[in-house]
Protein chains: 2
Amino acid sequence: MAGKLYGLGIGPGDPELLTLKAVRLIKESDIVLVPGSNPEDTVAYQITVQAVPELAQKQIVGIAMPMTKDLSMLEKTHEEGARQVAQYLEQGKICVFLTLGDPTVYSTYIYIHKKILERGLEAEIVSGIPSFCAVAAKMGISLVEKSEELHVIPAVYQFQEGMELSGTKVFMKVGKRSGKLRELLKEKKADALMIENCGMPGERIFASPDEFPDEVGYYSLVIAKEGK
Amino acid sequence: MAGKLYGLGIGPGDPELLTLKAVRLIKESDIVLVPGSNPEDTVAYQITVQAVPELAQKQIVGIAMPMTKDLSMLEKTHEEGARQVAQYLEQGKICVFLTLGDPTVYSTYIYIHKKILERGLEAEIVSGIPSFCAVAAKMGISLVEKSEELHVIPAVYQFQEGMELSGTKVFMKVGKRSGKLRELLKEKKADALMIENCGMPGERIFASPDEFPDEVGYYSLVIAKEGK
C-alpha cells in the first residue's frame, strides 16, 4: 500500500505555534522532509525540533528548493523533489513536509503537493499560522475589523497598485524593497509597521515607516492600516 | 498583582488545529471566557473541550457578544464585557478568551482586548488558524502562489468592488448574500468554491458557483481564484 504525504504548516517561528495535528503527524511519520540541502540547518527543522524533540530521532531528508524566479529552473527542481518524495510514498512511507507559515500561502510545498496528486498518490495539507497573523498578534493589533478588507501583497514583485486598495495591506517578503516601500508609505502618511524575522532569532521591529531601513531580510513583513 | 488576559485563537473548527500555546494557556488559566450567554453551548467551548478535556473542570464565564451592526449597542456590550474581564484581572486571575479562527481577523475579542489595554491591564493575542487557510487546506488547493495577491472581503458588507481585484478573493461570512455572489461569480466565469461550517458538524462543500444556494449559514466562505 502506498504511503501518504502531509504538507505541514509549522507556523511563523515560535515552536509553541505548531498545531496539535502537526505534532501528532510528525511523531507518527516515517520520514520528515524539509526544504533545503542541509536538513538539520534549515529554519523549519530548527523551529520544529524545539516543539517535537522526537524529530532528532527521525529520518530527515532535505528537498532542494532554490529561491529563483526562473520558471524552467523551478519546474525542474519541483519535478526532481516530487520524484524523490514519490519514491518514499511508493515504499509505503508516511512522509511529512515541514513548511514555514501556512502551506497555502506562498509556500514552495504546494508545487510538490500538486505533482504528488498528479502521480495518483495521496497528499494532504495541514494548516499552519500564517506570518501576517503572528505579526499582528505580536504587535497587539487587529488585522481587520468589521467591514475592512485585508489585502496580502508579495512586495518582492510589486506594491504600488496594492497601496491604493482600501482596508489593511500586508506586504510580504519586503527584503530589498524596504526603502522604496518606506518612501511610498511616508508619502501616503500611512499608519504602518514592519517586523523582520518575527518570533525568530534576529527579530527586529520598526514601529513606523520613518524607521524602515533601505534593505531588510527576506522574512520581513509590513502591515499598513487604513489612514485615519 | 493583576492577572493577565490571553485572547486565544482556537482555529476554524477541528480541535486538532489548536496550537500548543493555546492548549498550555488554557490548562494554566484560572478562568476561561467564551463569547455567548450559555458558555457550555458555544461553538468555541464545544471545539476546545475536545482538544483540552481539562476545560470541563475550569470556571467558564460567558461574555455576551450579540451580533449586530448597531454601533452604540456594540460599544455598550463591549464595555460591559471589558468591565467583567477587568474585575477578574484585578483579582489577579489569569483569563483566557476563546475565539474562533484568529483573534486579529474579524474577531469580537479584539474590542475587549483594546479596552483591557486602555485600563492599564495586560492582554496578549495568541494566533489561531484563520478559516480561509483551513478551507484551502481542506480543498487541497493553494490560496496564493508566486506573485498572486490575496484579498479577504467580508461579504456581509459588500463584494462587488472586491470582485474586480486581481489574484485570489476570499469572501467571508457569505450567509444571505450567497445567491447574489453566485450570479456575479457566474457572470465573471470565476473558478470558485464555497464551504459552509468547515471542519464543524454540518459541513457542506459547493464545488462551483452553479451549486451555491440562495442562502447559507453565517460560517460560510468562498474562495475565488483568478480566471485562467
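The values are calculated or read from the model by the stated rules, or taken from the named source; none is laboratory data. Keep in mind that what you see is a predicted model, and the values were worked out from it rather than measured. With ideal geometry, Cβ positions are generated from the backbone for all residues, glycine too; neighbour counts draw on all protein chains shown. The protein model used for the area step is the full one, side chains on, heavy atoms only, and it has no ligands, DNA or RNA in it. Shrake-Rupley method; radii C 1.70, N 1.55, O 1.52, S 1.80 Å.
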What is the distance in Å between the Cα centres of the stretch B:53-72 and the stretch A:92-146? 30 Å
Would you mind telling me the share, in percent, of accessible area of the stretch B:21-130 contributed by carbon and sulfur at probe 1.4 angstrom? 48 percent
Calculate how steeply helix B:71-90 sits against the longest principal axis of the alpha-carbon atoms of chain B, using the helix alpha-carbon long axis, and give the answer as 0 to 90 degrees to the nearest 10. 40 degrees
Estimated [θ] at 222 nm from DSSP helical runs (n ≥ 4, -39500 (n - 2.57)) normalised by residues in chain B, nearest 500: -9000 deg cm²/dmol
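List the trypsin sites (Lys or Arg not before Pro) within the stretch B:1-81 that DSSP assigns to loop and that have no more than 12 neighbouring Cβ atoms inside 10 Å. Please list the in-between numbers first.
Values: sites: B:Lys4, B:Lys21, B:Arg24, B:Lys27, B:Lys58, B:Lys69, B:Lys76; in loops: B:Lys58, B:Lys69.
Counting only loop positions with at most 12 other Cβ atoms within 10 Å, the trypsin sites (Lys or Arg not before Pro) in the stretch B:1-81 are B:Lys69.
With +1 on each Lys and Arg Cβ and -1 on each Asp and Glu Cβ, how big is the dipole of chain B about its Cα centre, in debye rounded to the nearest 20? Walk me through the numbers before you get to the answer.
Values: 26 positive and 31 negative charges, 28 e Å.
Dipole magnitude for chain B comes out near 140 debye.
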Mind listing the label-point distances from A:Glu40 to the same position on all other copies, shortest first, one decimal in nm, points 7 Å along Cα→Cβ? 5.2
Quick one: Cα convex hull volume of the stretch A:1-98, Å³ per residue? 92 Å³
Interface residues of the stretch A:133-148, defined as losing at least 50 Å² of accessible area versus the chain alone with a 1.4 Å probe, are A:Cys133, A:Ala137, A:Val144, A:Glu145, A:Lys146
Given label points at 7 Å from Cα along Cα→Cβ, what nm distances, shortest first, separate B:Asp210 from the same residue in every other copy? 5.8
In nm, spacing of pseudo-spin labels at A:Gln59 and B:Val61 (7 Å Cα→C-beta vector): 5.3 nm
Run through the other copies and list how far each one's label point is from that of B:Gly179, in nm with one decimal, shortest first; the point sits 7 Å from Cα along Cα-Cβ. 5.7
Rounded to the nearest 5, what % of DSSP beta bridges with both residues in chain B are antiparallel? 35 percent
Counting only residues 5 or more apart in sequence or on a different chain, those whose built amide H sits under 5 Å from that of A:Ile94 are A:Lys4, A:Asp30, A:Ile31
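Measuring with a 1.4 Å probe in the full set of protein chains, what accessible area per residue, in whole Å², belongs to the stretch B:72-228? Mind showing how you got there, number by number?
Values: 6530 Å² over 157 residues.
About 42 Å² of surface per residue is accessible.
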Assuming R0 = 22 Å, what is the FRET efficiency of A:Arg119 and B:Met139, from their Cβ-Cβ distance, to the nearest 0.05? 0.70
In whole angstrom, note down how far apart the Cα centers of the stretch B:155-228 and the stretch B:13-35 are. 30 Å
If one takes the accessible area of chain A alone plus chain B alone and subtracts that of the pair, with a 1.4 Å probe, what total in Å², rounded to the nearest 100, results? 4100 Å²
